[in-house]
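What follows draws every value from the coordinates through simple rules; no lab data is involved. Since this is a predicted model, take the numbers as computed values, not measurements.
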Amino acid sequence: MALFDMLKKQAAQEMGQPENSGGSKTYTVTLQQIPVSLAQMKAMPEAALMEPHHTAALVIAALTVYPVAKDAALEMLEFLQGPRGLSVYDRQFLADRFRDKDYVPRSYYAGATPQNNYEPSAPYTLTFFENPYSRNQISEGYLTLHIKSGGGDNPRQIKLRTKPSTGQWFLWEQFLLADVRPPVNADPWA
């Protein structure tokens with residue numbers, strides 16, 4: 001354990017706070033497969049949407065499928081948005097973002113880097129975390145999770161909203177499709 005981490009842990013214990021206080025909670029989701037249809041997604045245990053990090057992982061899985069099965073990915077995203085559904089703007093935004101960069105969603109899986117052309121290996125692991133501001137709107141039903149990209153300098157965020165009547169978490173907004181470093185096979189300067 002690094003010195004700073006040890007001091008932080010000791011200070012939290014002295015003040016009677018849990019180690020996770022301050023928004024440093026981490027969630028790891030391991031998907032055995034990437035679903036290529038809504039039926040496959042719904043068959044996965046994460047599709048119950050009872051945990052915000054499960055919903056976030058399925059959003060990344062659906063975005064991963066978009067370049068190879070656009071209609072299936074849109075169906076999955078529609079499901080993950082819950083009662084709100086996808087707007088015309090959402091659909092156009094996705095089409096624009098995927099015009100020439102199909103690798104961005106793959107950059108979030110563990111082990112995916114520009115050097116290996118963002119090719120993660122199965123099982124597919126995603127690690128989300130909270131920061132000190134993630135729960136600023138929790139009383140209104142919103143939670144913001146963050147995830148690091150193997151090709152980006154800053155973590156990206158995904159905002160989720162709970163439906164109190166079912167306890168399910170749905171996609172509210174995502175900032176996952178911002179550009180990342182190109183994979184080696186697409187980088188003319190590599």
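Based on alpha-carbon atoms only, what is the radius of gyration of the range 35-77 relative to the globular estimate 2.2 N^0.38 Å?
The reported ratio for this selection is 1.03.
Between residue 93 and residue 138, 0.36 nm times their residue separation minus their Cα-Cα distance comes to what?
On the way: separation 45, 0.36 × 45 = 16.20 nm, distance 2.69 nm.
Full extension from residue 93 to residue 138 adds 13.5 nm.
How big is the range 42-152 in terms of Cα radius of gyration and Dmax, in angstroms?
Calculated on Cα positions, Rg and Dmax stand at 14.5, 42 Å.
Can you compute the equivalent ellipsoid semi-axes for the chain, i.e. the square root of 5 times each eigenvalue of the Cα gyration tensor, sorted largest first and rounded to whole Å?
Details: eigenvalues 159, 105, 43 Å².
In descending order the semi-axes read 28, 23, 15 Å.
So how much slack lies between residue 26 and residue 42, counting 0.36 nm per residue of separation and subtracting their Cα-Cα distance, in nm? Each step should come with its number before you reach the end.
Values: separation 16, 0.36 × 16 = 5.76 nm, distance 2.46 nm.
Extra length available between residue 26 and residue 42 comes to 3.3 nm.
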